[in-house]
């Protein structure tokens with residue numbers, strides 16, 4: 001059987017291209033990586049990025065530089081990451097802003113659920129519902145009973161900004177409990193804490209670590225945490241879902257990359273991230289920040305993102321809230 005010159009040439013070109021790609025992946029990464037986040041230094045998100053990035057860089061043989069880009073409810077940072085060169089040298093610390101933002105009135109100029117490819121879930125944090133000591137409720141059941149005895153909209157709950165996880169945690173509680181609460185947005189956890197301490201609002205949704213000192217001092221009362229399991233940082237505080245069945249607001253953290261990145265590079269990043277998450281220094285340092293690491297496959301992480309997006313889309317439809 002005779003093989004044409006053109007056929008042989010094409011075959012050689014394909015082989016050469018495949019070999020070049022293999023060499024490229026073997027050499028990856030060739031320079032420091034950038035890990036974009038949507039938050040300023042000092043918060044839990046920044047710590048998750050730095051702790052995970054430091055160990056990941058060590059395993060990859062390149063430094064990981066944290067690039068905090070707050071603004072526009074997290075859309076600015078997402079847009080930078082989505083438009084990055086798809087060579088695997090720019091990563092993004094994914095959070096529920098990816099799954100919540102499609103419900104914003106001012107939607108991102110892209111579909112966050114399609115523009116990113118999941119690398120690896122890092123872990124879960126939690127939101128804690130707390131109340132001012134003057135509020136006559138010590139648990140979820142008593143808060144629901146108290147709320148139902150009040151005029152609709154009388155109870156005010158504070159959060160760190162419209163469209164944030166702790167905002168929607170409060171809205172979900174309102175929908176599922178049948179209590180019509182009024183949300184009040186603050187610029188960050190510090191302002192949110194101050195408002196509930198001063199009695200400006202009765203209820204506040206806060207990061208667990210921010211709430212714990214106030215609860216221990218007796219200045220606030222803990223009602224419950226938002227996740228499906230109790231937080232290791234506050235094991236004595238029940239989940240809201242233990243009383244309000246089906247309630248679950250996972251505050252997840254994970255690494256993603258632009259979807260145009262070669263699959264082999266994404267797989268390499270996944271493997272090394274999984275290794276990083278199993279090291280005591282990463283697990284312990286994140287646990288100290290109230291974040292519990294979680295190993296997962298890329299498919300499992302992708303499923304979590306899809307389920308989270310469906311949860312928030314349903315909440316927005318059911319509650320009628322408008323996310324600016």
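Only one residue in 190, 210, 195, 169 is assigned to a helix (DSSP H, G or I) and over 19 Å from residue 290 (Cα atoms), so which one is that?
Details: 190 fails: over 19 Å from residue 290 (Cα atoms); 210 fails: over 19 Å from residue 290 (Cα atoms); 169 fails: over 19 Å from residue 290 (Cα atoms).
Among 190, 210, 195, 169, only 195 is assigned to a helix (DSSP H, G or I) and over 19 Å from residue 290 (Cα atoms).
Return the only residue of 125, 161 being modelled with pLDDT under 95, under 29 Å from the mean Cα position of the chain (by Cα), within 30 Å of residue 56 (Cβ to Cβ) and surrounded by fewer than 24 Cβ atoms within 10 Å (Cβ to Cβ). Step through it out loud before you land on a result.
On the way: 125 fails: surrounded by fewer than 24 Cβ atoms within 10 Å (Cβ to Cβ).
Going through 125, 161 in turn, just one is modelled with pLDDT under 95, under 29 Å from the mean Cα position of the chain (by Cα), within 30 Å of residue 56 (Cβ to Cβ) and surrounded by fewer than 24 Cβ atoms within 10 Å (Cβ to Cβ): 161.
Could you tell me which numbered condition residue 237 fails, if it satisfies all but one of (1) assigned to a loop (DSSP other than H, G, I, E, B); (2) surrounded by fewer than 19 Cβ atoms within 10 Å (Cβ to Cβ); (3) under 22 Å from the mean Cα position of the chain (by Cα)?
Single failed check for residue 237: (2).
Scan region 289-317 residue by residue and report those that are more than 17 Å from the chain's Cα centre (by Cα) and modelled with pLDDT under 90.
Answer for region 289-317, where residues must be more than 17 Å from the chain's Cα centre (by Cα) and modelled with pLDDT under 90: 315, 316, 317.
Kindly establish whether residue 244 is in contact (Cβ under 8 Å) with a residue 40 or more places away in the chain and outside the structural domain of residue 311 (by TED's automatic domain parsing).
yes
Quick one: is residue 217 in the same structural domain as residue 132 (by TED's automatic domain parsing), under 24 Å from residue 321 (Cα atoms) and either surrounded by fewer than 22 Cβ atoms within 10 Å (Cβ to Cβ) or touching a residue at least 40 places away in the same chain (Cβ under 8 Å) (or both)?
Details: in the same structural domain as residue 132 (by TED's automatic domain parsing): yes; under 24 Å from residue 321 (Cα atoms): no; either surrounded by fewer than 22 Cβ atoms within 10 Å (Cβ to Cβ) or touching a residue at least 40 places away in the same chain (Cβ under 8 Å) (or both): yes.
Judged against the criteria, residue 217 is not a match.
Condition check: modelled with pLDDT of 95 or more and closer than 26 Å to residue 186 by Cα. Does residue 320 satisfy that? Even if it seems obvious, please write down each step before you answer.
Numbers: modelled with pLDDT of 95 or more: no; closer than 26 Å to residue 186 by Cα: yes.
When the stated conditions are applied, residue 320 does not pass them.
Right, residue 291: touching a residue at least 60 places away in the same chain (Cβ under 8 Å) and over 16 Å from residue 119 (Cβ atoms) or not? Step through it out loud before you land on a result.
Numbers: touching a residue at least 60 places away in the same chain (Cβ under 8 Å): yes; over 16 Å from residue 119 (Cβ atoms): yes.
It is true that residue 291 is touching a residue at least 60 places away in the same chain (Cβ under 8 Å) and over 16 Å from residue 119 (Cβ atoms).
Please find, within region 23-52, the residue that is nearest to the chain's Cα centre (by Cα) out of those that are closer than 20 Å to residue 74 by Cα, assigned to a helix (DSSP H, G or I) and free of Cβ contacts under 8 Å to residues at least 24 places away in the same chain.
So, considering only residues that are closer than 20 Å to residue 74 by Cα, assigned to a helix (DSSP H, G or I) and free of Cβ contacts under 8 Å to residues at least 24 places away in the same chain, the one nearest to the chain's Cα centre (by Cα) is 46.
Check whether at least one residue in region 55-62 is in contact with a helix residue (DSSP H, G or I) (Cβ under 7 Å, 6 or more places away or on another chain) and not in a helix (DSSP H, G or I), and report yes or no. First the steps, then the outcome.
Filtering region 55-62 down to residues in contact with a helix residue (DSSP H, G or I) (Cβ under 7 Å, 6 or more places away or on another chain) leaves 55-56, 59-60.
If we keep only those that are not in a helix (DSSP H, G or I) as well, we get none.
There is no residue in region 55-62 that is in contact with a helix residue (DSSP H, G or I) (Cβ under 7 Å, 6 or more places away or on another chain) and not in a helix (DSSP H, G or I).
Listed residues 249, 257; which is under 19 Å from the mean Cα position of the chain (by Cα), part of a strand (DSSP E or B) and closer than 27 Å to residue 160 by Cα?
On the way: 249 fails: part of a strand (DSSP E or B).
Of the residues listed, the single one that is under 19 Å from the mean Cα position of the chain (by Cα), part of a strand (DSSP E or B) and closer than 27 Å to residue 160 by Cα is 257.
Does region 138-154 contain at least one residue that is surrounded by fewer than 24 Cβ atoms within 10 Å (Cβ to Cβ), modelled with pLDDT of 95 or more, touching a helix residue (DSSP H, G or I) at 6+ places or on another chain (Cβ under 6 Å) and not assigned by TED's automatic domain parsing to the domain that holds residue 53?
Yes, region 138-154 contains at least one residue that is surrounded by fewer than 24 Cβ atoms within 10 Å (Cβ to Cβ), modelled with pLDDT of 95 or more, touching a helix residue (DSSP H, G or I) at 6+ places or on another chain (Cβ under 6 Å) and not assigned by TED's automatic domain parsing to the domain that holds residue 53.
Go through 176, 205 for me and flag whichever is at pLDDT below 95 and farther than 21 Å from residue 44 by Cα. Spell out how you get there, then give the answer.
Details: 205 fails: farther than 21 Å from residue 44 by Cα.
Only one candidate passes the filter, namely 176.
For region 182-203, does any single residue satisfy the condition of being within 16 Å of residue 240 (Cα to Cα), touching a helix residue (DSSP H, G or I) at 6+ places or on another chain (Cβ under 6 Å) and not assigned by TED's automatic domain parsing to the domain that holds residue 84?
From region 182-203, those within 16 Å of residue 240 (Cα to Cα) are 203; that's our starting set.
Those left that are additionally touching a helix residue (DSSP H, G or I) at 6+ places or on another chain (Cβ under 6 Å): none.
Checking region 182-203: not a single residue is within 16 Å of residue 240 (Cα to Cα), touching a helix residue (DSSP H, G or I) at 6+ places or on another chain (Cβ under 6 Å) and not assigned by TED's automatic domain parsing to the domain that holds residue 84.
Going by what's in this entry, would residue 304 be described as touching a helix residue (DSSP H, G or I) at 6+ places or on another chain (Cβ under 7 Å) and within 30 Å of residue 171 (Cα to Cα)? Before you say what the answer is, go through the steps one by one.
On the way: touching a helix residue (DSSP H, G or I) at 6+ places or on another chain (Cβ under 7 Å): no; within 30 Å of residue 171 (Cα to Cα): yes.
No.
Based on what the data block shows, is residue 269 closer than 20 Å to residue 38 by Cβ, touching a helix residue (DSSP H, G or I) at 6+ places or on another chain (Cβ under 9 Å), assigned to a helix (DSSP H, G or I) and touching a residue at least 40 places away in the same chain (Cβ under 8 Å)?
Values: closer than 20 Å to residue 38 by Cβ: yes; touching a helix residue (DSSP H, G or I) at 6+ places or on another chain (Cβ under 9 Å): yes; assigned to a helix (DSSP H, G or I): yes; touching a residue at least 40 places away in the same chain (Cβ under 8 Å): yes.
Judged against the criteria, residue 269 is a match.
The values are calculated or read from the model by the stated rules, or taken from the named source; none is laboratory data. Since we're looking at a predicted model, the values are computed, not measured. Using ideal geometry, Cβ is built from the backbone for each residue, glycine included, and neighbour counts are taken over all protein chains shown.
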